[in-house]
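Since every read-out is calculated from the coordinates, none of them should be taken as a lab result. Just so we're clear, the structure is a prediction, and the values are computed from it rather than from any experiment. A quick note on method: Cβ atoms are made from the backbone with ideal geometry, for glycine too, and the neighbour counts reach across all protein chains shown.
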């Protein structure tokens, strides 16, 4: 007999999905595939596993429990740098959190609990590389595997892996409460997705590092509340329009110990967005404060003068990527959205960029060989992701993967291998190793089948299939949606619009249904997800309508989704709720206020209420400076529209949120109280923005289901 999902079961151990392997890497020699695998007894702890291509055997190379000081990693012992690094990466696991293959060897460096270990595949005992009495973070291995570098207490260190004594070398000694070296700062990691703060030259003679000075950033005294009480956190938070941290790039010569500053931010180059140390020298990508200009600067390792290698301009903004790659022939591949959708270009200093024929939209460049650039993206529809080979000579591109669904890749172009992590609406997950251009059978590393031994099997008979489709906007843009019907629909059922709606994200993918959708379906609700204009994976022209007008076209597009529900037999269009987290919480509030007759109730989790109170790099990208356009900020904020709120609201927020500060919700509370409007409130002591703790997730979704069951007809009531 099939079971019905509940929040208590969905977020309990053992997990309903098989332990998902992650961080797949193909060894430089191509003989092995490595990955992190959750522990059998605790899925939040990751071990390092190896797949041997020759024997087709897999084995655990490093078990976290044998490496850590304690059987379970103590999260409270994390250094501030480690804690920030994990939050920015949305890394909620423990155990081995990161690892690197050491080039030219069959060994890896694994990072766990603030330490680094060296493990050789053919040896049984790993070697501790770092000082067990201290905690390190921001680990990086040099290009040839000779050195390991890391940050401790804001200063940068390195050690020589070939040195039998593994002697530690200190690179900087000026760290303070407001100055750090070698680690990505908040804006770089959270908004630019630049997670590194130091880089090695190709010949390993130079170590480049960022120096971040936050002394002029305004201190925001944030109240953080957990189960044991409250405390004031003095956080230097760079608000929109306010002073940013000062950042400079430095060079350390290993042979002489000489250090020099080689770049510093300035009005034209306010952000150090990317750093690429290549065989032909150092390349850095810089943006102006409004992010309407992107310039790639280049210098050889021996010269001091920077040269402009490539520059782009936009009247809205320029999205950042990791797509800068040096080609085997010495050229460089990059991507641009200058024509509205992301395409591949070849760039050099001697001539204009050359556009290569490619699919409709590129997601990411993942590597190259002497004849092709390899990229993932889509040709027919953005709900799928495929691998493409794009000839360097400008010839016709080839789509390598064909199975409908969402493919993610790791590539070893030198060995002609790619790893395909595949999911679809009919396939939970399959991971296989393929040879480029070969008909040889793939080697399957992981294949999740919902059989009798699978933890989800008791619920499989009640698994609800999703429907995919699209609607068209007034400017002829296709908006893709995923519609999940309720379990066993009879008559009319309420529908929950599950929304994110913001830039940089995509909800609708042809993938295995997230179990959260199944939870709503099992409680009698249909769920509609729609990627409105402004969302990711469609190109800048699709995103641009939100420029200096956030909370406008996004709501209009969600209303187009409501129109399509009128033709769905089981959908009760008189009982539609809306729910979202972060930007989705903001969208929930804006939709409730701008379409009160459409949405009968809404649950807003960790919403932004005033964009002037969010960080500079994210907000100014889409809104400009608040002092230049205060009216746009006012109209894009929630507060100005709360007087139109006419339907039930459930407001939720973590009380230790350091991203969307709890202040956003207190502003909403205060304004609603001034307006005499009732609302429901649930706060979570100790929870940060992601609210990932199992007990928080269980309680949060029980509360949300109960809220919608009370305010929308037909939903099944649940206990909190």
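Remarks
- Contact order for the stretch 500-643, expressed relative to its length and based on alpha carbon pairs under 8 Å spaced 6+ residues apart, stands at 22 percent.
- Translational D in µm²/s for the stretch 466-611 (Stokes-Einstein at 25 °C, 0.890 mPa s, Kirkwood Rh from C-alpha pairs): 162
- Per the Debye calculation on the chain with a single equal scatterer at every Cα and no solvent contribution, log₁₀ I(q)/I(0) for q = 0.05, 0.08, 0.09 Å⁻¹ amounts to -0.24, -0.66, -0.86.
- Counted residue by residue at 0.36 nm each, then reduced by the alpha carbon distance between them, the extension gain from residue 2 to residue 308 reaches 103.9 nm.
- Put simply, when 671-679, 105-113, 537-545 are sorted by average Cβ atoms within 10 angstrom per residue, most first, you get 105-113, 537-545, 671-679.
- Whole-number percent relative contact order across the stretch 326-399, with pairs defined as alpha carbons under 8 Å at least 6 apart: 23
- Rounded to 0.05, the FRET efficiency of the residue 231 and residue 646 pair, given R0 = 51 Å and the Cβ-Cβ distance, is 0.85.
- Distance between the 7 Å Cα→Cβ label points at residue 692 and residue 442: 2.7 nm.
- Note on the stretch 462-711: along the principal axes its Cα atoms extend 53, 42, 32 Å, ordered by decreasing extent.
- Protection-proxy order for peptides 381-390, 216-225, each taking the mean of Cβ atoms within 10 Å per residue, highest first: 381-390, 216-225
- The distance between label points at residue 256 and residue 177 comes to 3.7 nm (points 7 Å beyond Cα on the Cα→Cβ vector).
- Once the C-beta distance of residue 125 and residue 205 is scaled by a Förster radius of 35 Å, the resulting FRET efficiency is 0.65 to the nearest 0.05.
- Adding -39500 (n - 2.57) for every DSSP H run of four residues or longer, then dividing by how many residues the chain holds, sets the calculated 222 nm ellipticity at -4000 deg cm²/dmol.
- Å³ per residue enclosed by the Cα convex hull of the stretch 407-530: 167
- Short-range pairs are left out: with C-alpha atoms under 8 Å and at least six residues apart, the relative contact order of the chain is 9 percent.
- Potential lengthening of the chain between residue 683 and residue 567 amounts to 38.0 nm, from the contour at 0.36 nm per residue minus the alpha-carbon distance.
- Length released on extending from residue 9 to residue 339, taking residue separation times 0.36 nm less the Cα-Cα span: 114.0 nm
- q = 0.09, 0.13 Å⁻¹, the stretch 550-691: log10 I(q)/I(0) [Debye, one scatterer per Cα]: -0.27, -0.57
- Protection proxy ranking, highest mean first, for peptides 345-356, 422-433: 422-433, 345-356, where packing is the per-residue count of other beta-carbon atoms within 10 Å, averaged.
- Modelled label positions at residue 315 and residue 468, each set 7 Å beyond Cα in the direction of Cβ, lie 3.4 nm from each other.
- Residues in the stretch 24-51 reached by a label modelled at residue 65 [backbone nitrogen below 13 Å; 7 Å Cα→Cβ]: 39-47
- Estimated FRET transfer efficiency (residue 54, residue 162; beta-carbon r; R0 25 Å; 0.05): 0.35
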